[in-house]
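Please read the structure below before turning to the comments.
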Amino acid sequence: MFGGVYLPKNKDNSNWNDIVEIRDPEMFVVPTMHSSGYKTEITVKVGDEVKRGSLLAKPTESKGYFVYCPTSGRVVSIIDKFTPDGINCKHVVIKNDKKNTERKFPEMVDKSPRELLKRLAISGIVDAHYGGSPTYLRYSLNSIEKKYTLYVVLSNTDPYITSNEVLTIKHTAEVVQGAQYFASILSSRNIVFLLTGRAVEAKKALKKYIKKNQPQLKYEIREIPNTYPYDDVNLIMAKFKNKKNPFVEEKTGKVFVEDAITCYSFYNAVENNLPNDYRVITVSGQDIIRKGNYFVKNGTSIDYILEMVGKKEDANIHQIVYGGIMSGVCLYSTDISCGMESHALVFASAKESVTGKEMDCINCGKCVSACPMNLLPNKLDELCIAQKQYDATRYGIQDCINCGCCSFVCPSRRYLAQRIASTQDKIKKGGNK
Amino acid sequence: MSYLVSPAPHRLTRTSANDMFMYVSIAALSCLSYGFFAYGIKALIVLLTCTLTCVILEFGIQSIKNAKPGISDYSCFVTGLILACVMPINMPWYVGMIAAVIAVFSKYLFGGLGNNIFNPSALARSIVGVMVSGFSFDLYNGETALNSILSGNSANIALNELMLGKTPGAIGTTCIAFILLFAVILIVFKVIRWENVLCAAVGFVIIIWTQMGYESIIPMLCSGSFIFVTVFMLSDPTTSPYGFTTRCIYAFSFGIIAALMMSHNVFGETAVFLALLVANFIAPALDKVFSVFHRGVRKHD
């Protein structure tokens, strides 16, 4: 096991013990896409009366999103807008009528793997850890026959993301139940819960719950290091392929990784028949008054969230990061709807961000020792600048998981991760040259 | 209201390359301060000639390279200060200047910061050392510790004198206790790597033990600028390899070569710098050979 960077714990985290529901705004601007590469068609028209849980959009082909209405009200308009990830897609604008009428899925009588998979497909659950793709696409009917391992990430190494950890502490039963449903789709014998070393409370809560309520459950708790990015799903998968995975002993088979929020949403879809239209998001930042974890509905604007959490009077918000501080995207404006592909929202002040001028590489090799994938970032950087895509593939550029550790540790402030990511894009689009 | 938009990651480490150069500069300057205490104004003249020449040359080259005149980083201070540390006290002032010119050009001829194969100060000091070996005057104000050990007078040297730097030697390298203190501080600040220091010492001790017996180990370690070179020059990030294993091999081979050259009295006080140049020379080769252990590195067709 090698690489990664240690990010010190955020001191405010100790107070974040509850998950608060944000009051519904007047207007919802619901995005119909969370990630590029999928096609959806809108099933409502302007002027339609909708309930919470009405279908707003469904996939045109086999791949795509089921989008459900987060509130009851009337469709005001359908507009083109950018999502936080920079995808231009149709957004449905809904005016809240505050009647709170709901529409639910039919009751599930048969909880066989096949039925659970069907429910997963229509539930509208979106992965945060796979970059916003629909969860059901990773599962297929074939996978019912084979035996796979399920990994559930219950806490994150990024100090700004505590949503998974707090959800595990507060809603242990739902998370464990949801994980069991996923495991039942995969017909896997046991579930592996991955917890970072510093998530002591979550570990206690989990053990206590299972001992008390489900003593027959076959499970395993494995500790992942506190160093970033050991909770990254790409790293877990890649290390597995490489047979150097610290978490896995089995040598063949496929890994399925879920997180606490996905399990919680799946539990609600199965037991309470609720479509998934929310996400637990950690809101933080130096100038924010009520930092903490919030249930944020799909289509709530960032502006409204900022208003609800409150900023200090002399606040000077310098940067808005959607997603973890190491791998998230920056927002250029607050007039953007919050989707369901993120765990965190950071309103960073100027003091928090460290910037510097890019210098010549001093060849210190810190990036090499920080790389969790055991690549040579300094060599890749050189090849990226020289535009030698073919040589870069020979140095394994396609294996980079874009965690950003190399850029983090670089004393010369070189844009290593950024350059590697853009070259990866070029290679994907243009092939090897 | 406008917000800063930048690609991930949005946090960086606090320590920048310039900070690292600054820490090393402060440590080298503190080592030199012992030289002022011992030798007075002479040491100051050496410091000024070496450092000023380095900074002025760097300023000139950067002004030609870039549109804006000025120095881009503090590496020239490090070069100048370390060069001043390793200079003999009675060196004529123009020799210091020549050494500084060699040091700066040895960096820029290979393409500037981060691309040089040899440590600039070590290269300059070895060339100058070989050059002035024909001079007949006393460079060190008396017989240096290394010379007296090699000529069999090691009984004259007490260990506490070596530790406190009361024996003649290069300006900043005699006070071993001081240098070791800075070694610990620099390791804690993650400016230099512990494995470099340890492996070099192990290699050195093994060879001295087999060549000269165990009673010479500590006097040899503390003489001939070995500890100064290990702490300040061997750990130069640019000229050392970038993997952990390769760094260990590099430092270990430096220890062996230095011990062999010093114990056989090749070029006297200059031996350790020549040994460093040999180690620098094998570093890129080590990187190349060990890169096959990294993920995705395929053999070239």
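The values are calculated or read from the model by the stated rules, or taken from the named source; none is laboratory data. It should be emphasised that the depicted structure is a prediction, and the values quoted were computed from it without experimental measurement. Virtual Cβ from ideal backbone geometry, glycine too; neighbours counted across all protein chains shown.
Could you name every one of the helices (runs of 4 or more DSSP H) located completely within the stretch A:351-433 that has at least 3 residues being more than 10 Å from chain B (Cβ to nearest Cβ) and among the β-branched types (Val, Ile, Thr)?
It comes to A:416-430.
Return yes when A:Val175 is hydrophobic (A, V, I, L, M, F, W, C) and either closer than 30 Å to A:Gly4 by Cα or within 16 Å of the chain's Cα centre (by Cα) (or both) and no when it is not.
yes
Out of all the residues in the stretch A:84-96, is one or more over 26 Å from A:Val329 (Cβ atoms) and touching a Gly at 6+ places or on another chain (Cβ under 6 Å)?
Among the residues of the stretch A:84-96, at least one is over 26 Å from A:Val329 (Cβ atoms) and touching a Gly at 6+ places or on another chain (Cβ under 6 Å), which makes the answer yes.
What do you reckon, is B:Ala271 more than 13 Å from every other protein chain (Cβ to nearest Cβ) and surrounded by 22 or more Cβ atoms within 10 Å (Cβ to Cβ)?
yes
Does A:Tyr230 satisfy the condition of being touching a Pro at 6+ places or on another chain (Cβ under 9 Å), crowded, with 16+ Cβ neighbours inside 10 Å and either free of Cβ contacts under 8 Å to residues at least 24 places away in the same chain or more than 26 Å from A:Ala121 (Cβ to Cβ) (or both)?
Against the criterion (touching a Pro at 6+ places or on another chain (Cβ under 9 Å), crowded, with 16+ Cβ neighbours inside 10 Å and either free of Cβ contacts under 8 Å to residues at least 24 places away in the same chain or more than 26 Å from A:Ala121 (Cβ to Cβ) (or both)), A:Tyr230 qualifies.
Name the residues in the stretch A:98-114 that are surrounded by 15 or more Cβ atoms within 10 Å (Cβ to Cβ) and either at pLDDT 90 or above or touching a helix residue (DSSP H, G or I) at 6+ places or on another chain (Cβ under 9 Å) (or both), would you?
Once the filter is applied, which keeps residues that are surrounded by 15 or more Cβ atoms within 10 Å (Cβ to Cβ) and either at pLDDT 90 or above or touching a helix residue (DSSP H, G or I) at 6+ places or on another chain (Cβ under 9 Å) (or both), the stretch A:98-114 yields A:Phe105, A:Met108, A:Pro113.
Taking the condition over 29 Å from B:Ala279 (Cα atoms) and free of Cβ contacts under 8 Å to residues at least 24 places away in the same chain, does B:Gly111 pass?
In short, no.
I'd like to check something: does the stretch B:5-15 contain any residue that is out of contact with any Leu (no Cβ under 6 Å at 6 or more places or on another chain), of a type in the set (Gly, Ala, Ser), within 14 Å of another protein chain (Cβ to nearest Cβ) and under 22 Å from A:His318 (Cβ atoms)?
Yes, the stretch B:5-15 contains at least one residue that is out of contact with any Leu (no Cβ under 6 Å at 6 or more places or on another chain), of a type in the set (Gly, Ala, Ser), within 14 Å of another protein chain (Cβ to nearest Cβ) and under 22 Å from A:His318 (Cβ atoms).
I'd like the full set of residues that are closer than 11 Å to A:Val321 by Cβ, small (Gly, Ala, Ser) and either within 11 Å of chain B (Cβ to nearest Cβ) or part of a loop (DSSP other than H, G, I, E, B) (or both), limited to the stretch A:339-350.
Scanning the stretch A:339-350 gives A:Ser342, A:Ala348.
For A:Asn156, work out the one condition from (1) under 29 Å from A:Ser54 (Cβ atoms); (2) part of a loop (DSSP other than H, G, I, E, B) it doesn't fulfil.
Every condition holds for A:Asn156 apart from (1).
So which residues in the stretch A:394-421 are more than 28 Å from the chain's Cα centre (by Cα) and surrounded by fewer than 20 Cβ atoms within 10 Å (Cβ to Cβ), if there are any at all?
Applying the first criterion (more than 28 Å from the chain's Cα centre (by Cα)) to the stretch A:394-421 yields A:394-395, A:411-412.
Matches in the stretch A:394-421: A:Arg394 only.
If we only count strands (runs of 3 or more DSSP E) wholly inside the stretch A:14-97, which ones have 2 or more residues that are over 22 Å from A:Ser133 (Cβ atoms), touching a Ser or Thr at 6+ places or on another chain (Cβ under 9 Å) and in contact (Cβ under 8 Å) with a residue 12 or more places away in the chain?
Here the list reads A:27-31, A:88-96.
Which one of these is closer than 24 Å to B:Lys166 by Cα, away from chain A (no Cβ under 14 Å), free of Cβ contacts under 8 Å to residues at least 24 places away in the same chain and not aromatic (Phe, Trp, Tyr): B:Ile217, B:Ile257, B:Ile227?
Numbers: B:Ile257 fails: closer than 24 Å to B:Lys166 by Cα; B:Ile227 fails: free of Cβ contacts under 8 Å to residues at least 24 places away in the same chain.
Of the residues listed, the single one that is closer than 24 Å to B:Lys166 by Cα, away from chain A (no Cβ under 14 Å), free of Cβ contacts under 8 Å to residues at least 24 places away in the same chain and not aromatic (Phe, Trp, Tyr) is B:Ile217.
How do the pairs read when you match residues in the stretch B:40-67 that are of a type in the set (Asp, Glu) with residues anywhere that are part of a helix (DSSP H, G or I), using Cβ under 7 Å and keeping only pairs 6 or more apart or on different chains?
Close Cβ pairs satisfying both conditions: B:Glu58/B:Cys76; B:Glu58/B:Val104.
I'd like to verify a number: residues in the stretch A:160-185 that are surrounded by fewer than 24 Cβ atoms within 10 Å (Cβ to Cβ) and touching a Pro at 6+ places or on another chain (Cβ under 8 Å), how many?
Qualifying residue count, the stretch A:160-185: 1.
For the list (1) touching a helix residue (DSSP H, G or I) at 6+ places or on another chain (Cβ under 7 Å); (2) under 24 Å from A:Asp158 (Cα atoms), I need the number of the one condition that A:Cys361 fails.
If we test A:Cys361 against (1) touching a helix residue (DSSP H, G or I) at 6+ places or on another chain (Cβ under 7 Å); (2) under 24 Å from A:Asp158 (Cα atoms), just (2) comes out false.
Quick one: in the stretch B:33-59, of everything that is at pLDDT below 90 and either within 12 Å of another protein chain (Cβ to nearest Cβ) or closer than 22 Å to B:Leu180 by Cα (or both), which residue is surrounded by the fewest Cβ atoms within 10 Å (Cβ to Cβ)?
Going through the qualifying residues, I end up with B:Phe37.
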